[in-house]
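The values are calculated or read from the model by the stated rules, or taken from the named source; none is laboratory data. Quick caveat, the model's predicted, so the values are computed rather than measured. A quick note on method: Cβ atoms are made from the backbone with ideal geometry, for glycine too, and the neighbour counts reach across all protein chains shown. With ligands, DNA and RNA removed, areas are computed over all heavy atoms of the protein, side chains included. Shrake-Rupley method; radii C 1.70, N 1.55, O 1.52, S 1.80 Å.
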Amino acid sequence: MPIDFSGLWIPLITPFKSNGALDRHALKKLVAHYAACGVSGFVVCGSTGEAAALDDAEQLAVLEAVLGACGDLPVVMGMSGYHLGQTVAWVKTLAQYPLAGLLLPAPHYIRPSQAGVLAWFRAIADAATAPLMVYDIPYRTGVNIDTETLLTLASHPNIHAIKDCGGDLAKTQALIADGRLQVLAGDDAHIFTTLVQGGVGAIAASAHVRTSEFAVVIKALDVGDLKLARTAWAPLPPLIAALFAQPNPAGIKAALAQQGWIDNILRAPMMPAARQLDPALMTPKHQPSASWV
C-alpha cells in the first residue's frame, strides 16, 4: 500500500561544523526534536538541505543519520539532476534504504519540452522502488510542468504526490480536483489556501521554527476546525516572510543558530543571513488549544 504523504513534513537543513564537515550530532538532535512536535515525516537533501553542495557520500551520510534518529517516522529523499542515466543510477543506489518516497524535480538547466518532462519522470519512476513525489518548482529548474503533463504523470503507478511550488492556483485546483496525486503545499505562504482547497499537507521549511503551530494548522484543517486553523495560522505569515527574506536556508539557519541548535554555517556560494531574525517571531505567545489534541 503506498505511503500517505499527508500532514506536516520538515525538509531538513543540513548542519555543518565550523570546519565545514557535516554535523551529524546536531542533525540527530533536530530530528528528535521535530519528531516530538507532531510532524508526519522528514525530507532529506532537498533544496533547504543544501543538497547541491553535498557530494554523494555526504548525502548518504545525512540520510543515514536521519534514518537512525527518526524512529518510526517516514523519510523522503530529495534528488535532482539533468543526466538521466546518472539519475537512474542514483535511484538504484537509494533503493537499499527504507525510504517512504523520492522527491524529484524536472531536470534543471536543460529546459526540455513537456514530452521530455514526461520521459524524465517516467524513466525514473520506472526505476524507483520507492514512491515518487513530483517537485514542481519552476523558479529553480527553469521548467514549467504543465497541468496536462502532471495529470498524465498521475496515471503512472509509482507517482503518488506533488510538492506544489508552481505558483499556479488553477493548476493546484485542477490537481486537487483530479484526486489521483496527493497535493502538498511547497510554498510556505500558500499552506493555508492549499489545504483549504483540499491539499493533504505541506513540506514546509519555515516549520523548522514554531513547528507545533504549523502542525496545529494542518491538523485543524484536516478535521474541519477552521476557527482554530485561522487562529493558529494568523502569526505565521510574518515568520514565513522573515525566514525567506534572504535565500533559503539562510534565514532558517540563522534562526536555529539563535536558538542554539546549530552553528550558523552554510556552504558557498550560499552565505549566512545578513541579520538576525526577530526573537519575537520565533516564540509563540500561546499554544492554540484543540479538543482533538
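Tell me yes or no: at least one residue of segment 70-91 is without any contact (Cβ under 8 Å) to a residue 60 or more places away in the chain, open to solvent by 30 Å² or more (accessible area, probe 1.4 Å), in contact with a strand residue (DSSP E or B) (Cβ under 6 Å, 6 or more places away or on another chain) and farther than 20 Å from Gly166 by Cα.
The answer is yes, given that some residue of segment 70-91 is without any contact (Cβ under 8 Å) to a residue 60 or more places away in the chain, open to solvent by 30 Å² or more (accessible area, probe 1.4 Å), in contact with a strand residue (DSSP E or B) (Cβ under 6 Å, 6 or more places away or on another chain) and farther than 20 Å from Gly166 by Cα.
Only one of these is open to solvent by less than 30 Å² (accessible area, probe 1.4 Å), in contact with a strand residue (DSSP E or B) (Cβ under 6 Å, 6 or more places away or on another chain) and more than 29 Å from Tyr34 (Cα to Cα): Leu153, Leu132. Name it. Show your work before the answer.
Working: Leu132 fails: more than 29 Å from Tyr34 (Cα to Cα).
Residue meeting the stated conditions: Leu153.
Restricting attention to segment 95-117, which residues are surrounded by fewer than 18 Cβ atoms within 10 Å (Cβ to Cβ) and either touching a residue at least 40 places away in the same chain (Cβ under 8 Å) or not in a loop (DSSP other than H, G, I, E, B) (or both)? Even if it seems obvious, please write down each step before you answer.
Pass one, segment 95-117, residues surrounded by fewer than 18 Cβ atoms within 10 Å (Cβ to Cβ): 95-98, 108-116.
Listed by number, the residues that qualify are Gln114, Ala115, Gly116.
Among the helices (runs of 4 or more DSSP H) contained in segment 204-293, which hold 2 or more residues that are touching a strand residue (DSSP E or B) at 6+ places or on another chain (Cβ under 6 Å)? Full working, then the answer.
On the way: elements: 211-223, 226-233, 236-243, 250-258, 279-282.
Fully inside segment 204-293 and qualifying: 211-223.
Among the residues of segment 166-186 satisfying the criterion of being assigned to a loop (DSSP other than H, G, I, E, B) and surrounded by fewer than 21 Cβ atoms within 10 Å (Cβ to Cβ), which is nearest to the chain's Cα centre (by Cα)?
By that ranking, first place goes to Gly167.
Quickly run through segment 46-69 and pick out the residues that are open to solvent by less than 20 Å² (accessible area, probe 1.4 Å) and more than 18 Å from the chain's Cα centre (by Cα).
Hit for segment 46-69 is Ala61, nothing else.
Would it be correct to say that Gly41 is touching a residue at least 24 places away in the same chain (Cβ under 8 Å), over 22 Å from Pro138 (Cα atoms), open to solvent by less than 10 Å² (accessible area, probe 1.4 Å) and not β-branched (Val, Ile, Thr)?
yes
So if I check each of Ala241, Ala202, which one is touching a residue at least 40 places away in the same chain (Cβ under 8 Å) and surrounded by fewer than 23 Cβ atoms within 10 Å (Cβ to Cβ)?
When all the criteria are applied, what remains is Ala241.
Okay, residues lined up against (1) under 16 Å from Phe192 (Cβ atoms); (2) under 21 Å from the mean Cα position of the chain (by Cα); (3) touching a residue at least 60 places away in the same chain (Cβ under 8 Å):
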{"position": "Glu213", "(1), (2), (3)": "yes, yes, yes"}
{"position": "Ile218", "(1), (2), (3)": "yes, yes, yes"}
{"position": "Asp222", "(1), (2), (3)": "yes, yes, yes"}
{"position": "Ala245", "(1), (2), (3)": "no, yes, no"}
{"position": "Ala254", "(1), (2), (3)": "no, yes, no"}
{"position": "Gln258", "(1), (2), (3)": "no, no, no"}
{"position": "Trp261", "(1), (2), (3)": "no, yes, yes"}
{"position": "Arg267", "(1), (2), (3)": "no, yes, yes"}
{"position": "Pro279", "(1), (2), (3)": "no, no, no"}
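If Ile137 passes every condition in (1) in contact with a strand residue (DSSP E or B) (Cβ under 9 Å, 6 or more places away or on another chain); (2) over 30 Å from Lys92 (Cβ atoms) but one, which one does it miss?
(2)
Would you mind telling me which numbered condition in (1) exposed (fewer than 15 other Cβ atoms within 10 Å of the Cβ); (2) out of contact with any Gly (no Cβ under 9 Å at 6 or more places or on another chain) Ala125 fails?
(1)
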